[in-house]
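K.L.:
One structure coming up, written as structure tokens, with questions to follow.
The values are calculated or read from the model by the stated rules, or taken from the named source; none is laboratory data. Since this is a predicted model, take the numbers as computed values, not measurements. Note: ideal-geometry Cβ built from the backbone for every residue, glycine included; neighbour counts use all protein chains shown. Surface accessibility is based on the protein's heavy atoms, side chains included, excluding ligands, DNA and RNA. Shrake-Rupley method; radii C 1.70, N 1.55, O 1.52, S 1.80 Å.
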Amino acid sequence: MAILKIVKEGDSVLRGKCREIAEITPRILTLLDDMAETLHKADGCGLAAPQVGVRRRIALVEVEEGDLIELINPVIVEKSGHQEEIEGCLSVPGKWGVTNRPMNVTVKAINRNGEEFTVSGSGLKARALCHEIDHLDGILFVDHAQMLDPDEIEVE
Ligand code: NI
């Protein structure tokens, strides 16, 4: 496994629409493993393939340690409620903003074995799922967040 370089805001790879995965090749499995290692090293709660320079529809979400969700070709199939919470992004270091997201989402995706599954989440997990899936369409949270003054934020 390898730690990958996380691309920062301003790089055009973050702004394209990512391509679907048609076949899960050994290269895709290696990418998933490397992304997981990169996410853990960065101590984030999600990472999308374009953030490591790969324009494919792959994302990871891990809001509880040890509960790593690998998403291939994820699609939000249900959403309800809403929440306004502070959000950040590994590709936008040092910036934080309040986003309006659904409180609950259900996502359909494919796992590394090529099997379709659904995952549901509320609160932080719902936010992370939405945030990572946005990345696959070239959307960053700064596009729709009310940005906060970095001097006035305390991040734990
Ligand atoms: Ni992000």
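K.L.:
Taking θ = phi - 60°, what integer Hz values does the Karplus form 6.51 cos²θ - 1.76 cosθ + 1.60 yield along the range 8-17, in sequence order, with x for Gly and Pro?
P.N.:
9, 3, x, 7, 5, 5, 6, 10, x, 8
K.L.:
Could you tell me the accessible area of HIS144 in Å² (1.4 Å probe, neighbours in place), rounded to the nearest ten?
P.N.:
80 Å²
K.L.:
In whole percent, how big is the carbon plus sulfur part of the accessible area of the chain, probe 1.4 Å, protein atoms only?
P.N.:
Of the solvent-accessible surface of the chain, carbon and sulfur hold 47 percent.
K.L.:
Let me ask another. Can you give the angle from 0 to 90° between the axis of helix 26-42 and the longest principal axis of the chain, with both taken from C-alpha atoms, to the nearest 10?
P.N.:
Around 30 degrees separate the two axes.
K.L.:
In the range 7-111, which GluC sites (Glu not before Pro) fall in coil by DSSP and have 14 or fewer other Cβ atoms within 10 Å?
P.N.:
Those satisfying the criteria are GLU9, GLU20, GLU23, GLU64, GLU65.
K.L.:
I've got another one for you. Tell me, what is the per residue accessible area of the chain in Å², probe radius 1.4 Å?
P.N.:
Solvent-accessible surface per residue comes out at 54 Å².
K.L.:
Quick one: angle between helix 124-135 and the longest Cα principal axis of the chain, in degrees between 0 and 90, rounded to 10, please.
P.N.:
70 degrees
K.L.:
Still on this structure: Please work out the FRET efficiency for the pair ALA2 and VAL119, using the Cβ-Cβ distance as r and a Förster radius of 22 Å; give the result to the nearest 0.05.
P.N.:
My answer for the efficiency is 0.25.
K.L.:
Going by a ≥ b ≥ c, the root eigenvalues of the Cα gyration tensor, does the range 1-56 fall in the rounded group (a/c under 1.5), the prolate group (a/b larger than b/c) or the oblate group?
P.N.:
Here the range 1-56 falls in the oblate category.
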